[in-house]
Amino acid sequence: MLQLRYRSSNAEGVQRAAPPARIVRAPWKASLLTFFMVMGPGLIVMEADNDAGAVSTYTQAGAQYGTHLLWVLFLLLPICYFVQEMVARLGIATGQGHAAMIYRRFGKWWGIFSLVDLQVLNFLTLVTEFAAINLAASKLGVAPIIAVPTSAVALTALVFTGSYLRWERIVIALCLLDMAWFVMAYVCAPHWNHVMRDTFVPSKPLGGFTQDWVFLVIGLVGTTIAPWQLFFQQSCVADKRLRFADLKFARLDTAVGAVFTILVGGAMILVGDAAYRHGIKFEDPAKMAVALEAFGGPFLKNALLLMMINAAVLGTTTISLSSAWAYGEVMGWPHSLHKKPKEAPGFYIVYGLAVFSAAGLVLVPRAPLQTIIIGVQVLAGLMLPSAIVFLQLLLNDRELLGDEWANKRWNNWVNWTIVAVLFLLSMVLATHFPTP
Amino acid sequence: MTTTRPEITVRHPLLDEQETKLTGEGLGLMKMSPSVRAMLLLLRVYLVLMAGMLLYHMVQPMLGKGH
């Protein structure tokens, strides 16, 4: 028989931080207010996915193929919504994180496998985030030995305050800063008729369907949907204690986040497209920013470098949190942003270790960063199908969720199709691994 | 004559009374239906295959250098 757990009251720290109840008369005002209170996990998980790796992949797509690959982003919009909606639904229904659910329902072996898989992939991804901070800061004239440790300390301070809401508000502000990409895309003066055509009509790339083109498309998919996102959003929804009635708002939050992240991703491609039109050879986004200064002025260069850092900061805080939440869930440790470090030491130690070890590795002279960057792309591509399979199986667990919360038949058709496509792309990736 | 609409109290999720969630405590492991069993088997095969591919691509350049 299903045993239900009831937690009777809010912690004192949560009540201290949360805004007071509001009284309104118009139902639409109540809905709007509730949406703003619920909003956060969906927007953050989507926009944080536009991390340093995404900046690199999207600008590379633009710099090598112009606006040609915009249609891939358009196709990815519903896919990232469908996947993350399942995570939000599972988090609201169970009030628990993804790692905890896998451990509890599939046993120790799969639980540990998922955790180790997530931790390894997250650590490698964090190294790429700090590598981007290193690159961008040096082009801005700040020495990496100052920029990287300062970022690590600031990122740690951001979560160590013991307030979920404070962390969420700061991170949402950082997400909204990404609107600067729209200004940068506008400054790059793309050919808007090409943009419209390539967004909705796939076409054969100049030079044909080469292996590089296939890898870039797989890279775009892997950049837009990543395993850590599943773990992050479910834990975040659980930590925010979203209620059953909040599901429709959580869905809207996820949809808004999906649209925003795809639009920002599109803007990144348009910035890369400027390099393509001016014949600039792409090496990395920081070098591209410097080369674009001749055409877009210092604003474009500085904005691109600063947004690279912003993307890396967003990616680092969310990825490290997904590691810390998952570890805490599986180990049974207290794991919440509502708790002070002394109340949840394991949770904060994992977060701090993830941040500082990745930052430290970046500062090691001759560290194999290029191998790590390629390793991240390959590993993420290979591990994503398995992460989504568990999600899909959990959403079909009617014994746990009942008919109300489990996937409907049409959900399953859509999601199994996504799983099949991801498996196929992984097989292509596996048979043609890129080498550093 | 004017009618007054009822008041609606909007609470932040963190301020609201917590709900009873479907935690599944006491349920134990998921029942292995044939489709779940098949999916997990497929996943194992996939992971073994991918590990093999990864190993092959790592070893192949070293063997190539030896010749």
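Compared with the dominant Cα axis of chain A, that is its longest principal axis, helix A:108-139 is turned about 40°. Each residue, residue A:138 and residue B:45, gets one label point 7 Å from its Cα in the Cβ direction; the gap between the two is 4.7 nm.
Highest-first packing order for the peptide set A:274-286, A:24-36, B:18-30, A:381-393 is A:381-393, A:274-286, B:18-30, A:24-36, based on the mean count of other beta carbon atoms within 10 Å. Estimated from helical segments only, the mean residue ellipticity of chain A at 222 nm is -26000 deg cm²/dmol, where each DSSP H run of four or more residues counts as -39500 (n - 2.57). Can you give me the angle between helix A:227-239 and the longest principal axis of chain A, using Cα atoms only, in degrees from 0 to 90, rounded to the nearest 10? Its long axis makes an angle of about 40 degrees. If only the Cβ of Lys and Arg carry +1 and only the Cβ of Asp and Glu carry -1, the dipole of the range A:346-421 around its Cα centre is close to 280 debye. Listed values for the range A:41-58 are Karplus-derived 3J(HN,Hα) couplings in whole Hz (6.51 cos²θ - 1.76 cosθ + 1.60, θ = phi - 60°), namely x, x, 5, 5, 5, 6, 6, 5, 5, 7, 8, 4, x, 5, 4, 5, 5, 5, and x replaces Gly and Pro.
Summarising the amide proton neighbourhood of residue B:23: residues at separation of 5 or more, or on other chains, whose placed amide H is nearer than 5 Å comprise A:5. Between residue A:204 and residue A:120, residue separation times 0.36 nm minus the direct Cα-Cα distance comes to 26.6 nm.
Taking A:326, A:255, A:173 in turn, the Gaussian network model of chain A (Cα-Cα springs below 10 Å) assigns the largest fluctuation to A:173.
Fully extending the segment from residue A:25 to residue A:431, taken as 0.36 nm per residue of separation minus the present Cα-Cα distance, adds 140.1 nm.
Between A:37, A:101, A:308, which gets the highest mean-square fluctuation from a Gaussian network model of chain A, Cα cutoff 10 Å? In the Gaussian network model the winner is A:37. Using protein chains only (no ligands, no nucleic acids) and a 1.4 Å probe, work out which residues of the range B:20-42 have their accessible area cut by at least 50 Å² relative to the chain alone. Listed by number, the residues meeting the 50 Å² cut-off are B:20, B:21, B:22, B:23, B:25, B:27, B:29, B:30, B:39, B:40. GNM remark for chain A: springs join alpha carbons under 10 Å apart, and the peak mean-square fluctuation among A:145, A:269, A:373 falls on A:145.
Take the Cα of residue A:293, go 7 Å toward its beta carbon, and the backbone nitrogen atoms of the range A:307-321 under 18 Å from that spot belong to A:307-309. Annotated for chain A: lysine pairs at least 8 residues apart or interchain, Cα distance under 30 Å, count 21. Mind running the shape call on the range A:311-409? Use the C-alpha gyration tensor, a ≥ b ≥ c as the square roots of the eigenvalues: rounded below 1.5 for a/c, prolate if a/b tops b/c, oblate otherwise. Oblate. Computed from protein heavy atoms with a 1.4 Å probe, the total accessible area buried between A and B is close to 5500 Å². If R0 is taken as 45 Å, the Cβ-Cβ distance between residue A:244 and residue B:38 corresponds to a FRET efficiency of 0.90. Per the Kirkwood formula applied to alpha carbons, chain A shows a radius of gyration over Rh ratio, Rg over Rh, of 0.96. The residues of the range A:35-63 listed by number as losing at least 20 Å² of accessible area in the complex, against the isolated chain and with a 1.4 Å probe, are A:37.
Just the protein heavy atoms count here, and of the accessible area of the protein assembly as shown at 1.4 Å, carbon and sulfur take up 67 percent.
Centre-to-centre separation between the Cα atoms of the range B:1-62 and those of the range A:378-436: 11 Å.
Applying the Karplus relation 6.51 cos²θ - 1.76 cosθ + 1.60 with θ = phi - 60° to the range B:9-26 yields 3J(HN,Hα) values of 8, 10, 10, 5, x, 6, 9, 7, 4, 6, 8, 7, 9, 8, 6, x, 4, x Hz, where x marks Gly and Pro. Rounded to the nearest Å, what's the spacing between the alpha carbon centres of the range A:156-182 and the range A:230-278? Just the number, please. Result: 14 Å between the Cα centres. Along the range A:414-422 the Karplus relation, 6.51 cos²θ - 1.76 cosθ + 1.60 evaluated at θ = phi - 60°, assigns HN-Hα couplings of 4, 6, 5, 5, 4, 4, 4, 5, 5 Hz to successive residues, with x for each Gly and Pro. Full extension of the chain between residue A:112 and residue A:283 gives 57.8 nm of extra length, using 0.36 nm per residue less the Cα-Cα distance.
Taking loop as defined by DSSP and a crowding limit of 14 other beta carbons within 10 Å, which chymotrypsin sites (Phe, Trp or Tyr not before Pro) in the range A:165-215 fit? Counting only loop positions with at most 14 other Cβ atoms within 10 Å, the chymotrypsin sites (Phe, Trp or Tyr not before Pro) in the range A:165-215 are A:209.
Per residue, the range A:308-426 exposes an accessible area of 39 Å² to a 1.4 Å probe, with every protein chain left in place. The loop-placed trypsin sites (Lys or Arg not before Pro) in the range A:285-390, going by DSSP, that have at most 14 neighbouring Cβ atoms within 10 Å of their Cβ come out as A:342, A:366.
Each stretch of four or more DSSP H residues adds -39500 (n - 2.57); spread over every residue of chain B, this sum gives -18000 deg cm²/dmol at 222 nm.
The values are calculated or read from the model by the stated rules, or taken from the named source; none is laboratory data. Predicted, not measured: the structure shown is a model, and the values here were computed from it. No Cβ is skipped: glycine too gets one built from the backbone with ideal geometry, and neighbour counts run over all protein chains shown. Protein only, heavy atoms only, side chains kept; ligands, DNA and RNA dropped before computing areas. Shrake-Rupley method; radii C 1.70, N 1.55, O 1.52, S 1.80 Å.
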